[in-house]
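Engineer: Sharing a structure here in structure tokens format.
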Amino acid sequence: MSTPIIDVQNVSKYYRRGAESIQVLDNLSLTIEAGQFLALMGPSGSGKSTLLNLIAGLDQADSGRILVDGLDITGLSETQLASWRAGHVGFIFQFYNLIPVLTALENVELPLMLSALNRRQRREHALTALALVSLDDRMTHYPRQLSGGQQQRVAIARAIVTDPTLLVADEPTGDLDRHSAEDVLALLDTLAGNLGKTIIMVTHDPRAARKAHVMKYLEKGLLTDAPQAVVSECV
């Protein structure tokens, strides 16, 4: 049996509100295989984004371990985590987070600016990423000149330009119309199926979850397979 690329072991997370301690994740464990596309569902406040942030190294657990490609990221300092994220995690957000004064090509190139690549190499990498999302013909367009679906595809190109170990997507279709959402989900499925990218997607939308290989459901800090009522919505 292969070693999972993501191995979350008995992780708990608390947030403090004044003198009160609120448990968000309760001794949670999860494994994800390389190239797997996982949809994480659950009600608002269930801890979905918290779990995503822990796996992506944006936050730290109060107890337990998180191994990504064999590395225990719970033992890293803030500086080490920042360096690790830059090389191993691609982020896809609901609202794209593109820089409005930069072209599509320049937005995609941004994560490479601190790399050892020269200007020509950075441009080649960015063009390759744009081609993978079928937007190389829009490389000189600014975000305002692109549709919502196109902007999200630019954001996906930016996320994959460093060839990360892991893609994390937080409601990536939440601001899109149905047709654009289907295009973006098909692209994520292709990235997992054809390029072997490991993807974790937080979503409220059963139609979006249907595109994933695996569905998990998080509620009150506990992780389970998606309930039958949710699975039925996805069929």
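Engineer: Report Rg (one decimal) and Dmax (nearest whole number) for segment 119-226, counting Cα atoms only, units Å.
Structural biologist: 14.9, 49
Engineer: Given all pairs of different Cα atoms, what value in angstroms does the Kirkwood hydrodynamic radius of segment 1-139 take? Don't skip to the end; give the middle numbers.
Structural biologist: Numbers: mean 1/r = 0.0573 Å⁻¹.
Taking every pair of different Cα atoms in segment 1-139, averaging 1/r and inverting gives 17.5 Å.
Engineer: How many percent of Cα pairs in the chain exceed 30 Å? Write out the running numbers ahead of the final one.
Structural biologist: Details: 6967 of 27495 pairs.
The share of Cα pairs beyond 30 Å in the chain comes to 25 percent.
Engineer: Here's something else I'd like to know. Restricting to bridges with both residues inside the chain, how much of the DSSP beta-bridge set is antiparallel, in percent to the nearest 5? Spell out each step's value before the answer.
Structural biologist: Numbers: 20 of 37 bridges.
Once the DSSP bridges in the chain are tallied, antiparallel ones form about 55 percent.
Engineer: Averaging over all projection directions, find the projected area of the Cα convex hull of segment 65-156 and quote it in nm² with one decimal place.
Structural biologist: 7.1 nm²
Engineer: Sticking with this one: Mind sorting Ile200, Ile6 by how few other Cβ atoms lie within 10 Å of their own Cβ, fewest first?
Structural biologist: Details: Ile200 25, Ile6 20.
Ordered by Cβ neighbours within 10 Å, fewest first: Ile6, Ile200.
Engineer: Here's something else I'd like to know. Got a sec? How would Leu54, Leu110 order by Cβ neighbour count within 10 Å, fewest to most?
Structural biologist: Numbers: Leu54 23, Leu110 15.
Lowest count first: Leu110, Leu54.
Engineer: For the chain, what does -39500 (n - 2.57) per DSSP helix run (n ≥ 4), summed and divided by total residues, give at 222 nm, in deg cm²/dmol to the nearest 500?
Structural biologist: Estimated from H runs of four or more residues: -10000 deg cm²/dmol.
Laboratory data are not the source of any read-out in this text; all were calculated from the coordinates shown. All values derive from a computational prediction rather than experimental measurement. No Cβ is skipped: glycine too gets one built from the backbone with ideal geometry, and neighbour counts run over all protein chains shown.
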